[in-house]
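Below: one structure, written as structure tokens.
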Amino acid sequence: MASLTRALELCWHPVCTLEELRASFPHPFPVTLLGRRLAVAEINGQVVAMTDRCPHRSTRLSIGWVEPGGLRCAYHGWRYGADGVCNEIPSMPDAPIPGRACIERFETDLAYGLVWVRLDPTARTVIPPHPSWGDQAMRVFNGPPYTWPTSAPRRVENFVDLAHFAWVHDGSLGRRDQPVPPVPEVRRIGGALAFDYRPPDMDVAATALFGYSDYRMTMPLTVDIAFTLDTGARRRLWMTASPIDTASCRSFWSVGRDDDLAGDDGPHLAFQQLILHEDEPVVCNQDPPEMVLDTGFELSVRTDRVSIEYRRWLKELAGAATIGADEVMRCLEAAGNESADKEIVRQP
């Protein structure tokens, strides 16, 4: 997992919503990304992410507060500017500030109402696309983020696992009397895995996401699903899993629709909450919570096609990370599709 973690350090990940950040004011918002504790703050209109530790006596900066001059530590009042450099030590106002009195800063950006952080800027990675966010014909709204004790890759894999619909989501996304899912053609298109899916015929609520589904999995941790309902209406479900560490993640998601634009969002959110409620006990009880990429550690069969292709690309990313940032970029931008049949345990 160390090499996959290294690859993920080169990518952008959301760490909180902009609403959460502003609600925490005057305190910074504490987050953890890939095992690193960060304090996220808005200083003079600039959103910054810094290591959540004052180098003086190691108090977490997230219990301090933001003021016009920067971020002030709650223990001794040392203040750090948006550049991470200490600009005031109240106990010695006339003495020079030590050169080591600075905090490591990380790249930040804002997109889709989320604060994004990239721990290592040496690769040319970009924030994953969110096609419905800029679609003027759709109403798009964010659901509440949630944290699960499972790795980000496992959360993403669950999101696109077609075979579990019949068992975990019997009556909502699938039917146990129709347990055999289609085995889609999975294609690499630029930096994404793409496949299509048609669910079984079901009697479900109008808020359900049923109909022809076009999946795009922007590597490494984002899924965008475009639904065309039998009525002709369009729906969209977007999710990205942010890796807190190797065994837990925080998921950020949104739902979009081009019908009933002035209607109540509540039923649409409620349907997604139902699906999450059904998924949570099984996904959060996978042992180990980390996704082990060693071939043979977990068995795969023909109907795991999407998972097999996703794991194969993650494994390639992990290998690329041992070479360098340029190789990671080449891997992320890869197109083409070699057969993954060798990784499948054939069903009788």
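The values are calculated or read from the model by the stated rules, or taken from the named source; none is laboratory data. Treat the numbers as computed from the prediction; the structure is a model and nothing was measured. All Cβ positions, glycine included, derive from the backbone under ideal geometry; neighbour counts span all protein chains shown. Ligands, DNA and RNA are excluded from the accessible area calculation, which covers all protein heavy atoms including side chains. Shrake-Rupley method; radii C 1.70, N 1.55, O 1.52, S 1.80 Å.
From the backbone phi of region 39-44, what are the Karplus-calculated ³J(HN,Hα) couplings (6.51 cos²θ - 1.76 cosθ + 1.60, θ = phi - 60°) in whole Hz, Gly and Pro given as x?
Once rounded to whole Hz, the list reads 10, 9, 9, 10, 10, 6.
In nm, what is the difference between 0.36 nm times the number of residues separating S300 and D196 and their Cα-Cα distance? Display every interim value, and only then the final one.
Numbers: separation 104, 0.36 × 104 = 37.44 nm, distance 2.03 nm.
Between S300 and D196, full extension yields an extra 35.4 nm.
When DSSP beta bridges are limited to those with both residues in region 69-198, what percentage is antiparallel, rounded to the nearest 5?
On the way: 13 of 14 bridges.
Bridges in region 69-198 are about 95 percent antiparallel.
Based on DSSP loop calls and a cut-off of at most 12 other Cβ atoms within 10 Å, the longest stretch of the chain free of exposed trypsin sites (Lys or Arg not before Pro) is what?
Values: sites that count: R57, R100, R124, R176, R346.
After excluding every exposed loop site, the longest remaining stretch is 177-345.
What list of whole percents do you get for P(r) of region 13-66, with Cα-Cα distances grouped in 10 Å bins up to the one holding the largest distance?
26, 58, 15, 0
Per residue of region 257-265, what does 6.51 cos²θ - 1.76 cosθ + 1.60 with θ = phi - 60° give for ³J(HN,Hα)? Whole Hz please, x for Gly and Pro, Karplus curve as stated.
Going residue by residue, I get 8, 10, 10, 6, 5, 9, x, 6, 6 Hz, with x marking Gly and Pro.
Just the Cα atoms of region 206-301: what Rg and Dmax do they give in Å?
Rg then Dmax for region 206-301, in Å: 16.0, 50.
Quick one: work out Rg over Rh on the C-alpha atoms of region 1-135, Rh as Kirkwood radius. The partial results should precede the final answer.
On the way: Rg = 15.8 Å, Rh = 15.7 Å.
Expressed as Rg/Rh, it is 1.01.
Under the definition of Cα pairs under 8 Å and six or more residues apart, what whole-number percent is the relative contact order of the chain?
Working: 679 pairs, mean separation 65.0, N = 348.
Answer for the chain is 19 percent.
Counting residues in region 126-167 as N, plug N into 2.2 N^0.38 Å and put the Cα Rg over that result. List each step's numbers first, then the result.
Values: Rg = 14.1 Å, N = 42, 2.2 N^0.38 = 9.1 Å.
Here the Cα radius of gyration is 1.55 times the empirical estimate.
If all Cα-Cα distances of region 75-139 are sorted into 5 Å bins from 0 onward, what percent lands in each bin, rounded to whole numbers?
Computed distribution, short to long bins: 3, 13, 16, 14, 11, 11, 10, 8, 6, 4, 3, 1.
Can you give the accessible area of H13, probe radius 1.4 Å, in Å² rounded to 10?
That residue has around 10 Å² of solvent-accessible surface.
Here are several values of P(r) over Cα pairs in 20 Å bins from 0, in percent: [x] 30, 57, 12, 0; [y] 24, 47, 25, 4; [z] 28, 53, 17, 2, 0. Which one was derived from the coordinates shown?
[z]
Please check the chain for the longest run free of GluC sites (Glu not before Pro) that are loop-located per DSSP (anything but H, G, I, E, B) and have at most 15 other Cβ atoms within 10 Å. Before the final figure, lay out each step's value.
On the way: sites that count: E104, E185, E298, E333, E338.
Within the chain, the longest run free of exposed GluC sites (Glu not before Pro) spans 186-297.
Amide H of R53: which non-local residues (sequence gap of 5 or more, or other chain) have their own amide H closer than 5 Å, using H built in the peptide plane?
The answer is L61.
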